[in-house]
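J.: Following this message is one structure expressed as structure tokens.
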């Protein structure tokens, strides 16, 4: 049985033994005998929004971690655009207390780079470092170059990563979708690609100067890929992520609904192709979801007036498996590097032997947001036919999700 299990699993011998224990004790051993199931190591998402404290009507630590477990994730990093912002030890403790009480998986919070994420004063990064996985002002780009330089210098001294949402405010011009053909044809205000890649270019220069480990959030443009690829070739300590929606959709897929609005926006077809090339050649290190739940009302106002953000942690693996692994564009091992091993290694997040999920890969299903465990329902993939259904997630040897 153990050899048969290992033959179709992507987990270690020790994890396989844990899987045998969990299944046998819950009368689920039949799953391991079925050829259409595969056991995968616990995924890690370094970019999620669980909205608590401050916005629990959108999502909570409990609902977000349950949604993550359904998606096969056993570790996530939560972004700091909260209320209060985790910009002090006291404020971060409000979040860590909720995590200890309510999370069913491993949840690692970010500390803010600047007080209130306002870009005006550095936080007590030294005090936050004990409980913060890294530092970010996600949702906002740090506009001041001297402020970012000081942040990188402090993060380097602490052995922490600066994680950047890159956006030049002066180049936004009130835009809310990509400044491309769809915006022009439908009278929408566009967000330029330069608003993203110009700040990435600046930060890469600073990173090279200072030697601080640096990670770029949700890249979406072909220029961003090119700048990061060139920086890596020079030996700059940079990694980056993108999300499934940027690899599968582009502006040609837009509809006049809030579920198609996120920041950064869906870009042009050439951008999507450059991102795919970046995934394939190793320029892009990780798949992150930027899981960003909002209330139904906040996402019901169309492209212009809906809140930025979509959910994705319950569908990320299925989307990537369906569009890349199943048609032979990517190996399962490559996908697991993007979802498991590279993000964990970069952020120092361990992979316990008791963290894994069990997937049925052969039966198609229709993605239905009403089945989500997240409080958010907005996804551009609603109604899409996918492959890959999670049957069970185990974290620290405990079942945290069962279909």
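J.: Among the residues of segment 86-97, is there at least one that is in a loop (DSSP other than H, G, I, E, B), surrounded by 23 or more Cβ atoms within 10 Å (Cβ to Cβ), modelled with pLDDT of 95 or more and under 23 Å from the mean Cα position of the chain (by Cα)?
T.: Let us first name the residues in segment 86-97 that are in a loop (DSSP other than H, G, I, E, B), namely 86-88.
With surrounded by 23 or more Cβ atoms within 10 Å (Cβ to Cβ) added as a condition, the list becomes 86-87.
In the following step, the residues that additionally are modelled with pLDDT of 95 or more were identified as 86-87.
When the remaining residues are screened for being under 23 Å from the mean Cα position of the chain (by Cα), the result is 86-87.
Within segment 86-97 (the criterion being in a loop (DSSP other than H, G, I, E, B), surrounded by 23 or more Cβ atoms within 10 Å (Cβ to Cβ), modelled with pLDDT of 95 or more and under 23 Å from the mean Cα position of the chain (by Cα)), the answer is yes, since at least one residue qualifies.
J.: If we keep just the residues of segment 385-394 that are under 14 Å from residue 67 (Cα atoms) and in contact with a helix residue (DSSP H, G or I) (Cβ under 7 Å, 6 or more places away or on another chain), which is surrounded by the fewest Cβ atoms within 10 Å (Cβ to Cβ)?
T.: 391
J.: Please state which one of 309, 383 is at positive phi and within 16 Å of the chain's Cα centre (by Cα).
T.: Values: 383 fails: within 16 Å of the chain's Cα centre (by Cα).
Answer to the check: 309.
A quick yes/no check of all residues on (1) at pLDDT below 75; (2) on the phi > 0 side of the Ramachandran plot; (3) out of contact with any strand residue (DSSP E or B) (no Cβ under 7 Å at 6 or more places or on another chain); (4) outside any helix (DSSP H, G or I):
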| position | (1), (2), (3), (4) |
| --- | --- |
| 11 | no, no, no, yes |
| 18 | no, no, yes, no |
| 21 | no, no, yes, no |
| 24 | yes, no, yes, no |
| 45 | no, no, no, yes |
| 50 | no, no, no, yes |
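J.: Please go through segment 338-368 and give me each residue that is buried (at least 18 other Cβ atoms within 10 Å of the Cβ) and part of a helix (DSSP H, G or I), ordered by number.
T.: If the condition is that a residue be buried (at least 18 other Cβ atoms within 10 Å of the Cβ) and part of a helix (DSSP H, G or I), then 338, 339, 340, 342, 343, 344, 346, 347 are the ones that fit.
J.: Is it the case that residue 119 is surrounded by fewer than 23 Cβ atoms within 10 Å (Cβ to Cβ) and under 16 Å from the mean Cα position of the chain (by Cα)?
T.: So residue 119 fails the test.
J.: If you don't mind, there's one more thing I want to ask. Would segment 155-167 turn up any residue that is out of contact with any helix residue (DSSP H, G or I) (no Cβ under 8 Å at 6 or more places or on another chain) and assigned to a helix (DSSP H, G or I)?
T.: Within segment 155-167 (the criterion being out of contact with any helix residue (DSSP H, G or I) (no Cβ under 8 Å at 6 or more places or on another chain) and assigned to a helix (DSSP H, G or I)), the answer is yes, since at least one residue qualifies.
J.: Among the candidates 75, 68, which residue alone is touching a residue at least 40 places away in the same chain (Cβ under 8 Å), part of a helix (DSSP H, G or I) and buried (at least 24 other Cβ atoms within 10 Å of the Cβ)?
T.: Testing whether each residue is touching a residue at least 40 places away in the same chain (Cβ under 8 Å), part of a helix (DSSP H, G or I) and buried (at least 24 other Cβ atoms within 10 Å of the Cβ) leaves just 68.
J.: Would you be able to tell me the number of residues in segment 107-138 that are part of a helix (DSSP H, G or I), under 13 Å from residue 82 (Cβ atoms) and touching a helix residue (DSSP H, G or I) at 6+ places or on another chain (Cβ under 6 Å)?
T.: 0
J.: Same structure again: Taking segment 197-214 only, how many residues are touching a helix residue (DSSP H, G or I) at 6+ places or on another chain (Cβ under 7 Å) and in contact (Cβ under 8 Å) with a residue 40 or more places away in the chain?
T.: The qualifying residues number 8.
The values are calculated or read from the model by the stated rules, or taken from the named source; none is laboratory data. Since this is a predicted model, take the numbers as computed values, not measurements. Don't worry about glycine lacking a Cβ; one is built from the backbone with ideal geometry, like all the others, and counts go over all protein chains shown.
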